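Chemist: Got a structure for you, questions after.
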Amino acid sequence: MTYTEDTPDNPGITRPILSDMPELLCPAGNMEKLETAVTYGADAVYLGAGDLNLRSAGAGFNWEDLPAAFELCRANNVQAYFCVNAYPKEKDLSKVRADLAKLKECPPDGLIIADPGVLMLAAEILPDIPVHISTQANTGNSEAARFWQKFGASRVNLARELSAADVADIAGKCPGIELEMFVHGAMCMAISGRCFLSAWLNDRSANMGRCTHPCRFEYKATGLRVEEKTRPGQDVWEAVEHDGYTEFFAAEDLCLVHHVRMLAKLGIASLKIEGRTKSSSYLAQVVDVYRTVIDKAKEGGPLPGIALAELTNAATRPLTTAFFKKSGPSTIAMPPSKEERRPVVARVLEQRDDGSWLLSVKARWENDRDMHVLVPGLERPFIKAGDYSFEATNGEPRDVVHSGTQAVLRCDNPAIAPGLFFRKL
């Protein structure tokens with residue numbers, strides 16, 4: 001059975017319909033984020049430990065925590081992929097061997113690798129663990145995908161720099177290779193994250209997982225606007241200042257939520273969300289959207305009406321389709337203003353014996369605010385101010401609770417459950 005659907009650039013590609021929808025692959029920077037991804041519907045997670053994954057500086061597990069993380073995944077039928085996707089230098093190879101050896105005692109469901117040398121070592125030390133090729137490898141054509149397959153990879157993450165037509169072409173030529181794509185999250189100003197700014201400015205290499213994100217730094221602009229010689233009168237680049245400084249290196253954030261059905265029909269095996277360094281609050285909103293969108297697409301239903309609004313609320317930069325569309329505007333939504341943003345204020349940790357709820361408070365929460373509970377499936381039940389109250393953990397009443405603390409919530413709304421988040425209206 002086939003399905004014919006034009007991509008955004010109208011190549012008229014025909015591909016087999018999958019019997020199942022793509023896997024939803026979500027970031028897990030620590031145990032709370034892992035629990036959040038599982039709660040809101042991840043099919044698989046990617047995580048790391050040690051110094052050889054590309055978020056080693058700020059979003060990784062301790063080795064002793066990995067068994068519990070993998071057990072949580074197994075208990076919820078969620079796949080766990082371990083990142084060894086740095087580009088090690090010669091002096092780092094002993095660390096690669098040591099890290100791979102540690103995984104013998106606690107094997108993941110897959111390894112995410114970018115470097116050919118690491119791939120060779122993985123084949124030697126962990127020959128039975130599937131290998132997925134990282135976005136860092138910048139796979140942009142079918143021959144590159146087949147190269148990785150020849151050397152043992154079962155899945156390849158396609159470069160973010162590809163258009164819809166490029167993706168369709170590669171998918172049609174690689175029927176025996178699982179293809180994975182990022183559909184949401186931060187992008188790099190360099191090619192597939194292979195950037196040298198951090199190494200140059202701060203002696204911390206992005207390609208070893210220690211990026212300090214200088215593309216997000218604020219710079220004072222001495223030249224604000226340029227035009228290219230063959231495009232007279234057309235502003236090609238513009239640096240917009242805020243309080244005298246500008247983030248002119250910063251890329252917009254990827255958002256392909258409108259193209260999930262198309263990617264499924266092209267045979268993409270896994271849709272990946274970026275964000276191991278993002279907050280669990282961000283993750284709850286974004287994972288909930290993509291889980292629901294995938295499920296609705298599988299049923300043949302339309303895109304949920306609130307999907308883009310939910311993603312926009314979680315955004316801090318403009319959302320874009322980036323390279324995916326070759327024509328027309330790529331920016332699809334702007335981040336909300338401070339006044340428009342509806343902040344996530346707390347996560348439910350557990351229900352206590354007296355029926356109250358223990359909260360981890362993420363932002364200031366006053367008890368005169370109406371709230372939503374973020375229930376999986378994009379359900380947003382309403383809780384009115386006056387229908388709940390706060391206490392400190394010692395039982396003292398509170399009118400307001402503060403970020404970074406724990407508090408007790410008294411509310412009998414049936415929508416509340418461990419692991420769910422509250423958000424201001």
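Chemist: For residue 261, tell me the accessible area in Å² from a 1.4 Å probe, rounded to the nearest 10.
Modeler: The value for residue 261 is about 70 Å².
Chemist: Another one. Along segment 124-141, what does the Karplus equation 6.51 cos²θ - 1.76 cosθ + 1.60 (θ = phi - 60°) give for ³J(HN,Hα), rounded to whole Hz, x for Gly and Pro?
Modeler: 7, 8, 10, x, 9, 8, x, 10, 10, 7, 5, 4, 4, 6, 6, 6, x, 8
Chemist: Could you give me the ³J(HN,Hα) list for segment 418-425, computed from phi with Karplus coefficients 6.51, -1.76, 1.60 and θ = phi - 60°, whole Hz, x at Gly and Pro?
Modeler: x, x, 8, 10, 9, 9, 5, 6
Chemist: In Å², and per residue, what accessible area does segment 268-385 have when probed at 1.4 Å with the other protein chains present?
Modeler: For segment 268-385, the per-residue accessible area is 42 Å².
Chemist: As an exercise, identify the GluC sites (Glu not before Pro) in segment 297-396 lying in DSSP coil whose Cβ has no more than 10 other Cβ atoms within 10 Å.
Modeler: 339, 340
Chemist: Right, here's the next one. If the cut-off is 13 Å between C-alpha atoms, which aspartates and glutamates fall inside it for residue 89, apart from same-chain ones fewer than 8 positions away?
Modeler: Partners within reach: 51, 115.
Chemist: In straight Cα distance, which aspartates and glutamates are under 17 Å from residue 384, not counting same-chain residues fewer than 8 positions off?
Modeler: Of all the aspartates and glutamates, those that pass the test against residue 384 - Cα under 17 Å, at least 8 places apart if same chain - are 366, 368, 370, 399, 412.
Chemist: Additional query: Among the listed pairs 272/298; 150/272; 272/296; 33/91; 173/278; 278/325, which are separated by more than 28 Å between their Cα atoms?
Modeler: 33/91; 173/278
Chemist: Need one number: nm distance between label points at residue 228 and residue 97, each 7 Å from Cα along Cα→Cβ, rounded to one decimal.
Modeler: Result for the modelled spin labels: 4.9 nm.
Chemist: How much of the accessible area of segment 323-424, probe 1.4 Å, is carbon plus sulfur, in whole percent?
Modeler: 47
Chemist: Let me make sure I get this right: for segment 292-425, a, b and c are the square roots of the gyration tensor eigenvalues over alpha carbons, sorted descending. Under 1.5 in a/c it's rounded, otherwise prolate if a/b > b/c, else oblate. Which is it?
Modeler: prolate
Chemist: Also: Looking at the square roots a ≥ b ≥ c of the eigenvalues of the Cα gyration tensor of segment 74-116, which shape do they give, rounded for a/c under 1.5, prolate if a/b is larger than b/c, or oblate?
Modeler: oblate
Chemist: Could you list the trypsin sites (Lys or Arg not before Pro) in segment 65-161 that lie in coil according to DSSP, counting only those with at most 16 other Cβ atoms within 10 Å of their Cβ?
Modeler: Sites meeting the loop and neighbour criteria: 89, 104.
Chemist: Distance in nm between label sites at residue 105 and residue 217, each 7 Å beyond Cα in the beta-carbon direction?
Modeler: Between residue 105 and residue 217, the simple spin-label model gives 4.0 nm.
The values are calculated or read from the model by the stated rules, or taken from the named source; none is laboratory data. Quick caveat: nothing in here was measured; it's all calculated off a predicted structure. Virtual Cβ from ideal backbone geometry, glycine too; neighbours counted across all protein chains shown. For accessibility, only protein heavy atoms count, side chains too; no ligands or nucleic acids. Shrake-Rupley method; radii C 1.70, N 1.55, O 1.52, S 1.80 Å.
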